[in-house]
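Here's the structure, in structure tokens; my notes come after.
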Amino acid sequence: MYFVFQFIVIYKTNSFRMQNFSEKLGRLLEWINLSTDEQKLPLQCYISPKITVKDVKGSGRGIYATASISPHEKIINIGHPFLLNFTTVLNHIAKHNKMEIDRHVTVPFETKEDEFTEIYKCFKKEELLRLSSFQLLSMYLTLERKRGENSYWKAFIDMLPTMEDFQLMPITYGGGGGGGCGGSNSTSENGAVHENENGNNFNADDNQIQLKQQLPATAYALNEKVEQRFNHDYKVITQLLLAKNISDVSTILPRDDVLLSWLCINSRCLYMDLPTSHDTLDNFTMAPYIDFINHSCDDHCTLKIDAKGFQITTTTAYKPGDQLYLSYGPHSNEFLLCEYGFVVTLPEEENRWNDLDISSYLLPMFNANQIDCLKENDFYDNYTLNKDGPSFRTEVALAILQEQNPHDSRRFRAFLNGILDNTVYLRKSNTMLSKILTKIMQEAEQHQFVLENVKIGADEVQRLRLHVVMSLYKDRLALASRILKDLK
Ligand SMILES: C[S@@+](CC[C@H](N)C(=O)[O-])C[C@H]1O[C@@H](n2cnc3c(N)ncnc32)[C@H](O)[C@@H]1O
């Protein structure tokens, strides 16, 4: 089934990008096809004549059907020489510094040398192998961007997003280089509003930081993790260069440039098994053209990686004009905003992966026995609800609150082991849940009221950010009221 999505409208003013779009796309397609011929590599790229790329306000570039496409049709294959991942980057750097590596893929021979390839020559294989994929690729992509025409990846890099495309991501709200600009969280554990000193008048740089602090506490925490990950990766990269006596690291790898590379990777990486990377979580690749596919909550295409490359096959039928989608995973809007810089809503209902984390409401309610028992059974913390109601973990938390000495309770043990359902606990659990959900709704309304009255002046970016932060409270309100209705 095909859903028509209504996206938050992100107004893109970059006319330069629009003008150059088809030119750059042409160069990308040429690169994929021509270089395979020139390098005499087996033809490894295929793009169905039934699809095209369009730049659409609100969701950026996306892939659209130009003719009817059936389910299970292979529409794209991008060969290994065009995939950017730990293995291909290592192979490219090896062309310059002659380090010995296992050749899992053939990468096109690159002869152009410049001041940046001098940097590649400094690296030892062990040093590079110690980096995560994010660290290696962020550094490499930033340097390759600087190499301009000399870079094998130029056509791909030219089609990557700019910082403007990430302006809704909270990591960019703090201004400048992002990461670590958030200050302390002024939002209470339960998400209470902390008004700024200017009477909610968001018009200065200082207030950009305040806007980050108006995020729901769970979104704030998600963004903190994103910032911590970036800060850590940037530190590791700069330390590697400093250890090579490259003193002007901030000129070679400015924080803002590395942040842009890091965000491009984070929002466009596809997971797959790689022989060279050490951690499964680190097994990802960037795939030109495939990375134009936007997200939907449901899968409309599948991914496959094999000797031929990275392939996309449809799972549903498409009519001419339809947009093709891929699911980036079962992600809530808070997660999508912090990791990718967008939120999605369906016409009739909210993103079905939205959830509510009620841990901060439940944790203070436990006694010492209950905490011990939950920890022993690995059920302490992380209590969520979604449109289908509480998770089993949350049901356990609500049940244990009805047992003063859970260690001695046979019914609780039976429930925990799945021998008994939660009928015996249900009534009181629902009463507790109702109170929490009512509180969540009151808090969301309070936040909405405060944000609706914020004066942001003519700053378009701030207006869009404010709008997206408000939409997170709208999501919370909608989900809480839906679950409450179902409980009754
Ligand atoms: C893999 S890229 C997809 C191509 C992207 N639209 C572009 O212009 O390059 C992921 C990025 O696309 C945007 N995006 C993806 N799915 C979207 C959606 N359903 N609504 C709005 N933006 C979306 C977000 O900016 C996200 O970071």
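The values are calculated or read from the model by the stated rules, or taken from the named source; none is laboratory data. Since this is a predicted model, take the numbers as computed values, not measurements. Here the Cβ positions follow ideal geometry from the backbone for every residue, glycine too, while neighbour counts run over all protein chains shown. We work out accessible area using only protein heavy atoms, side chains counted, and drop any ligands, DNA or RNA first. Shrake-Rupley method; radii C 1.70, N 1.55, O 1.52, S 1.80 Å.
Worth pointing out:
- Among the residues of the stretch 149-168, those identified as within 12 Å of the ligand (Cβ to nearest atom) and part of a loop (DSSP other than H, G, I, E, B) are M159, L160, P161, T162, Q167, L168.
- Whichever residue in the stretch 59-76 is open to solvent by less than 10 Å² (accessible area, probe 1.4 Å) and closer than 28 Å to L137 by Cα and, among such residues, is farthest from the ligand (Cβ to nearest atom): I75
- Subset of the stretch 270-301 [within 26 Å of D158 (Cβ to Cβ) and modelled with pLDDT under 70]: L274
- When the stretch 319-368 is filtered for residues that are open to solvent by 30 Å² or more (accessible area, probe 1.4 Å), assigned to a loop (DSSP other than H, G, I, E, B) and more than 16 Å from the ligand (Cβ to nearest atom), the ones remaining, listed by number, are K319, P320, G321, E348, D355, N367.
- N185 modelled with pLDDT under 85 and open to solvent by 40 Å² or more (accessible area, probe 1.4 Å): yes
- Residues of the stretch 401-428 that turn out to be touching an Asp or Glu at 6+ places or on another chain (Cβ under 7 Å) and not aromatic (F, W, Y), as a count: 2
- Yes/no for L303 being within 16 Å of the ligand (Cβ to nearest atom), more than 24 Å from M139 (Cβ to Cβ) and not acidic (D, E): yes
- Residue within the stretch 25-47 that is surrounded by fewer than 16 Cβ atoms within 10 Å (Cβ to Cβ), modelled with pLDDT under 95 and among the aromatic types (F, W, Y) present: no
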